[in-house]
Amino acid sequence: MKTEVEGGVTAVFVDRRDAGLRLGERLRGLQGTGDVVVLGLPRGGVPVAFQVARALGAPLDVIVVRKLGVPYQPELGFGAIGEGGVRVVNPDVVRLANITRDEMAEVERRERAELERRARRFRAGHEPVDLAGRTVIVVDDGIATGGTARAACQVARAHGPSRVVLAVPVGAPETIASLRRDADEVVCLDTPDHFYAIGSWYDDFTQASDEDVVECLRLAGGQGLSGDRSQ
């Protein structure tokens, strides 16, 4: 149900739980099709992903990525890193920004340390789910510029899945269109012409915490964190 919120923007989703339930319904066609894994982007994407994983009966995990930003222009990414030593670099940006190997190494060292800290915090000692040969659904609570979602898709693909699906409740139309180059399929429930901020499309967009992420993974159970394909 849509409700009017401050500034005249129409809220589409009650909260992240509602968004996840509705996104899960849209993705039910993937239920029972084989090895499906749902990956939530921390923090806000994980509560959405939790509901998607429940709807599909699929394991839930986080996908922790860090953008590698150009030293003098950090918002411009020259690549991204993920767990397991995954590193994705855009050589065109490296060349145009004239970044040296030493500069790249320093940025990666700093971001790798933060990535590992966050992964340890979220997983509490559990190993990541094995993505090789599986259908991976990357979930966030919305997409504006798409930088993090793009990095997540690239990092997920580097782990050898058979297919990468990006799924979000709401996103900017131009960004969603551009992300179709990074994922095999993009599922977005709403692409409003006048996008504004992601939070504008939720009645309740309370910031998710690290504890919320940890709790979602705990509730998902050992099956979701172990990656046991026999479950």
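The values are calculated or read from the model by the stated rules, or taken from the named source; none is laboratory data. Just so we're clear, the structure is a prediction, and the values are computed from it rather than from any experiment. Glycine also receives a Cβ, built like all others from the backbone with ideal geometry; neighbour counts cover every protein chain displayed. Areas reflect the complete protein model, heavy atoms only, side chains present, ligands, DNA and RNA absent. Shrake-Rupley method; radii C 1.70, N 1.55, O 1.52, S 1.80 Å.
Numbers at a glance
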read-out	value
Verdict on residue 125 being touching a helix residue (DSSP H, G or I) at 6+ places or on another chain (Cβ under 8 Å), small (Gly, Ala, Ser) and modelled with pLDDT under 95	no
Number of positions in region 73-118 that are part of a strand (DSSP E or B) and open to solvent by 60 Å² or more (accessible area, probe 1.4 Å)	5
Which listed residue is modelled with pLDDT of 90 or more, closer than 24 Å to residue 147 by Cα, of a type in the set (Val, Ile, Thr) and out of contact with any Lys or Arg (no Cβ under 7 Å at 6 or more places or on another chain), from 52, 37	52
Odd one out for residue 133, checked against (1) open to solvent by 70 Å² or more (accessible area, probe 1.4 Å); (2) part of a loop (DSSP other than H, G, I, E, B); (3) of a type in the set (Gly, Ala, Ser)	(1)
Any hit, region 6-23, residues being modelled with pLDDT of 95 or more, in a helix (DSSP H, G or I) and closer than 26 Å to residue 160 by Cβ	yes
Candidates 125, 57, filtered to the one that is within 29 Å of residue 189 (Cα to Cα), open to solvent by 30 Å² or more (accessible area, probe 1.4 Å), of a type outside the set (Val, Ile, Thr) and free of Cβ contacts under 8 Å to residues at least 40 places away in the same chain	57
Pair list, Cβ under 6 Å, 6 or more apart: region 200-215 residue charged (D, E, K, R), other residue in a loop (DSSP other than H, G, I, E, B)	203/14; 204/15
Boolean, residue 197 is of a type in the set (A, V, I, L, M, F, W, C) and open to solvent by 50 Å² or more (accessible area, probe 1.4 Å)	yes
